[in-house]
Amino acid sequence: MPSLYPKRAFEDVTDIRERTGASWGHKWAFNRLYESVEYKAEDYGITVEQVGPEHTSRRCSQCGFTDPDNYDGEAFECLKCEYENHADYNGAKNIGLRYLRRNQTGGDGGAPLGVQLNGGTASVNGGYL
């Protein structure tokens, strides 16, 4: 049965140890999670892709303003539009938006319509349903 959401986007975990200082065990865990999801998703006709993580924690998923002071630990608050949310959730929204925008002119018949998030669906224009 075809999935309503045939693609999933993950942060690209390549070189995460070097980027974050994570131990070998943490790097293994990130890679293992991605590989497990990718493997299981195939059974349901879902493809899984990795998306570059640059500035996804610093960028406001509502207005696009990017600043290192937008987040502090687990809290995200945009200095420009004052949008507030959990920093990881804001980053996940940015990963989804980056995936959508990257594939807007893809050669596989067009862009996906949205990216499903725990609290809704992100659309190509940055809106949420």
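Every number here is computed from the coordinates shown, using simple stated rules; none is lab data. Just so it is clear, the structure is predicted and the values come from calculations on it, not from any experiment. Because the Cβ atoms are built from the backbone with ideal geometry, glycine has one as well, and the counts that use them run over all protein chains shown.
A protection proxy built from the mean count of other Cβ atoms within 10 Å ranks the segments 48-61, 65-78, most packed first, as 48-61, 65-78.
Between ARG32 and LEU79, take the C-beta separation as r, use R0 = 30 Å, and let me know the FRET efficiency to the nearest 0.05.
Details: r = 36 Å, r/R0 = 1.21.
Efficiency, from the Cβ-Cβ distance: 0.25.
For VAL48, the amide hydrogen comes within under 5 Å of the amide hydrogens of ARG8, counting only partners 5 or more places away or on other chains and with H modelled in the peptide plane.
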